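The numbers here are math on the coordinates, done by the rules we state, and not lab data. In this text, all values refer to a predicted model and were calculated from it rather than measured experimentally. When we count neighbours, we look across all protein chains shown, and the Cβ atoms used for this are built from the backbone with ideal geometry, even at glycine.
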Amino acid sequence: MPEENTQHAAYDSKIEGNVIFTKADAAINWMRSNSLWPMPMGLACCGIELMASGASRFDIARFGAEVMRFSPRQADVMIVAGTVTYKMALAVKRIWDQMPEPKWCIAMGACASSGGMYRSYATLQGIDNLIPVDVYVSGCPPRPEALLEGLMKLQRKVTEEESAMAHFQADSARTLEAAGS
Ligand code: SF4
């Protein structure tokens, strides 16, 4: 008959309740999706709604995305909010290029998504002409709630993406294949 303390070490229902099993990919994506750091690219009126989404009434911090970074090197989601003129477009592209991978883009509002009402020689007809857009938020301007819904859509997308682990495994496989051939 084992002693009482031996039985305790073999099975502890408290520990059972505190242990979860998951895949590394799922854990990495979960962490990424709940700590998106935005690069606020406020270019016109939509920028005001973007600012409002960070204030207490809407509180973007509920989604872990309140850390607005004004350095592209510290950001992983660019929120393009406003009219993109040709004069500004290449600056937006340069900032995008300076953001490290993995990175995502939200086009906030009609102007960023399609040029909006500015069907003119001075306006880029959608930021997706220059950089890949993951989520489009409609409206002129979209309310902060609409941006938050776009953010939740992006979170769902990030959750389903290949993680760094998968990229690393694919890179390793390619390197081994190249070494073998
Ligand atoms: S979509 Fe409307 S509110 Fe937003 S930048 Fe364009 S004109 Fe301004």
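Please state the shape class of the stretch 22-111: rounded when a/c is under 1.5, otherwise prolate if a/b exceeds b/c and oblate if not, all from the C-alpha gyration tensor. Could you put the intermediate results ahead of the total?
Working: a/c = 2.43, a/b = 1.36, b/c = 1.79.
Since a/c reaches 1.5 but b/c is at least a/b, the shape of the stretch 22-111 is classed as oblate.
Roughly what angle does helix 144-159 make with the longest principal axis of the chain, taking Cα atoms, 0 to 90 degrees, to the nearest 10?
50 degrees
Using 0.36 nm per residue, how much length does the chain from Phe70 to Ala170 gain when fully extended, once their Cα-Cα distance is taken away?
Values: separation 100, 0.36 × 100 = 36.00 nm, distance 3.25 nm.
Value of the extension gain: 32.7 nm.
Going through the stretch 61-156, which chymotrypsin sites (Phe, Trp or Tyr not before Pro) have at most 13 other Cβ atoms within 10 Å and a DSSP loop state? All intermediate terms of the calculation are to be shown ahead of the outcome.
Values: sites: Phe63, Phe70, Tyr86, Trp96, Trp104, Tyr118, Tyr121, Tyr136; in loops: Phe70, Tyr118, Tyr121.
Answer by residue number: Phe70, Tyr121.
For the stretch 22-175, compute the number of Lys pairs whose alpha carbons are separated by less than 29 Å, excluding pairs fewer than 8 positions apart on the same chain.
9
For the chain, modelled as a Gaussian network with Cα springs under 10 Å, which listed residue fluctuates most, Ala107, Ala91, Ala52?
Answer for the Gaussian network model of the chain: Ala91.
Taking only C-alpha pairs under 8 Å that are 6+ residues apart, what is the relative contact order of the chain in percent? Intermediate results must be reported in sequence, preceding the final value.
On the way: 281 pairs, mean separation 41.0, N = 181.
Relative contact order, the chain: 23 percent.
Do any trypsin sites (Lys or Arg not before Pro) in the stretch 22-91 lie in a DSSP loop with no more than 13 other beta carbon atoms within 10 Å, and if so, which?
Details: sites: Lys23, Arg32, Arg57, Arg62, Arg69, Arg73, Lys87; in loops: Lys23, Arg57, Arg69.
Hits after loop and neighbour filter: Lys23, Arg57.
Can you tell me which of Ser138, Ser53, Ser71 moves the most in a GNM of the chain? Springs connect C-alpha atoms under 10 Å apart.
Ser71
Using unit Cβ charges (K, R positive; D, E negative) and no other charged atoms, how large, in debye to the nearest 20, is the dipole of the chain about its Cα centre?
Values: 17 positive and 20 negative charges, 216 e Å.
Its charge dipole is roughly 1040 debye.
Trypsin sites (Lys or Arg not before Pro), restricted to the stretch 104-169: which are DSSP loop and have at most 15 other Cβ atoms within 10 Å?
Numbers: sites: Arg119, Lys153, Arg156, Lys157; in loops: Arg119.
Passing both the DSSP loop test and the Cβ count: Arg119.
Starting from the Cα gyration tensor of the chain, take the square roots of the eigenvalues, sort them a ≥ b ≥ c, and report rounded, prolate or oblate (rounded when a/c is under 1.5, otherwise prolate if a/b is larger than b/c, else oblate).
oblate
Multiplying the sequence separation of Glu160 and Gln125 by 0.36 nm and subtracting their Cα-Cα distance, what value in nm do you get? List each step's numbers first, then the result.
Working: separation 35, 0.36 × 35 = 12.60 nm, distance 2.94 nm.
The span from Glu160 to Gln125 would gain 9.7 nm if fully extended.
Select from Glu145, Glu49, Glu161 the residue whose mean-square fluctuation is largest in a Gaussian network model of the chain (Cα-Cα springs shorter than 10 Å).
Judging by the Gaussian network model, the answer is Glu161.
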